[in-house]
Amino acid sequence: MENFLTDNEDILFHLKHIDLDQIITLKEDNFAEKDIFPHAPKDVEDCMDSYEKILALIGEIAGEYMAPVAADVDEEGVKLVDGEVIYAEGTQMALDMLAKADLMGLANPRKYGGLNCPVTLMSIAGEIMSRADGSFLNFGLQQDISETINKFGSDEQKERIIPILAKGEETSSMILTEPDAGSDLQAVSLRAHQADDGKWYLNGVKRFITNGNGKIGLVLARSEDGSKGAGGLSFFLYERDEHMVIRR
């Protein structure tokens, strides 16, 4: 059985020799959740054992299921049918398998259905899956967006949105790129203004959005009139509804 963790001596060496004790202790808040959640670790050794099992499962999915269909994914591509994005069969299979294995919330807190893993583990998981299929960006993207919401969102937003992403029920996107603002995010010009009714309205153009069909979106917009550069930019949480039109 192919496993892209167990056959990778470089990753195994790092797992064995990198000192993660302090990172684990901080991430686990001195193991404060050990009596709250059934799978929360009780110490560093227990946590490392969990990490290895998680990565081994990801390695199995990547090596046994994703890699064999990677060429088919490239050949099939993504389709836009009646305004809906249809992933390649292999891509959808990988998303479904990761969701079924409770891996779509790898970096999310346990109280929202996640596994509370650090960025170090996310990076290793990303390397494993990229080896199987270089086009598979959705996995890492979901972690970044839910982590952003977890850090900056309100309690209501976190409780409502993060579990949906952690379970893999919906996908998401960061809506950043504009015709004149690609990697230079300081050039973002899409405007946001708050009306008298308290609602925010966004006016401008975004394009070339990775996984732009996602149900949950974080839209970067300029919320302060006359501002330039990074100052005056804000993220707006957007939940896709029937008014969103997808073009290709």
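The values are calculated or read from the model by the stated rules, or taken from the named source; none is laboratory data. This is a predicted model, so every value here is computed, not measured. Neighbour counts are summed over all protein chains in view; Cβ atoms, including those assigned to glycine, are modelled from backbone coordinates with ideal geometry.
Points worth noting:
- Across region 230-248, the qualifying residues are those that are loosely packed, with under 10 Cβ neighbours inside 10 Å, of a type outside the set (A, V, I, L, M) and more than 16 Å from N203 (Cβ to Cβ), and the one among them that is modelled with the lowest pLDDT is R248.
- Filtered residues of region 214-227 (kept if in contact (Cβ under 8 Å) with a residue 40 or more places away in the chain and either in a strand (DSSP E or B) or surrounded by fewer than 20 Cβ atoms within 10 Å (Cβ to Cβ) (or both)): K215, I216, G217, L218, V219, L220
- Yes/no for E159 being within 17 Å of D102 (Cβ to Cβ) and of a type in the set (D, E): no
- Flag for V245 being touching a residue at least 60 places away in the same chain (Cβ under 8 Å), more than 26 Å from A94 (Cβ to Cβ) and outside any helix (DSSP H, G or I): yes
- Residue within region 13-33 that is at pLDDT 95 or above and either within 18 Å of K167 (Cβ to Cβ) or of a type in the set (G, A, S) (or both) present: yes
Residues checked against (1) of a type in the set (S, T, N, Q); (2) closer than 17 Å to L98 by Cα; (3) under 18 Å from the mean Cα position of the chain (by Cα):
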{"residue": "Q142", "(1), (2), (3)": "yes, yes, yes"}
{"residue": "I149", "(1), (2), (3)": "no, no, yes"}
{"residue": "P163", "(1), (2), (3)": "no, yes, yes"}
{"residue": "S173", "(1), (2), (3)": "yes, no, yes"}
{"residue": "A187", "(1), (2), (3)": "no, no, no"}
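- The residues of region 13-33 that are under 28 Å from M66 (Cβ atoms) and either in contact with a Pro (Cβ under 7 Å, 6 or more places away or on another chain) or not assigned by TED's automatic domain parsing to the domain that holds L106 (or both), listed by number, are I23, K27.
- Enumeration of residues in region 22-36 that are surrounded by 13 or more Cβ atoms within 10 Å (Cβ to Cβ) and under 25 Å from the mean Cα position of the chain (by Cα): I23, I24, T25, K27, E28, F31, E33
- When G90, G83, G63, G59 are screened for being assigned by TED's automatic domain parsing to the domain that holds N150 and modelled with pLDDT under 95, only G83 passes.
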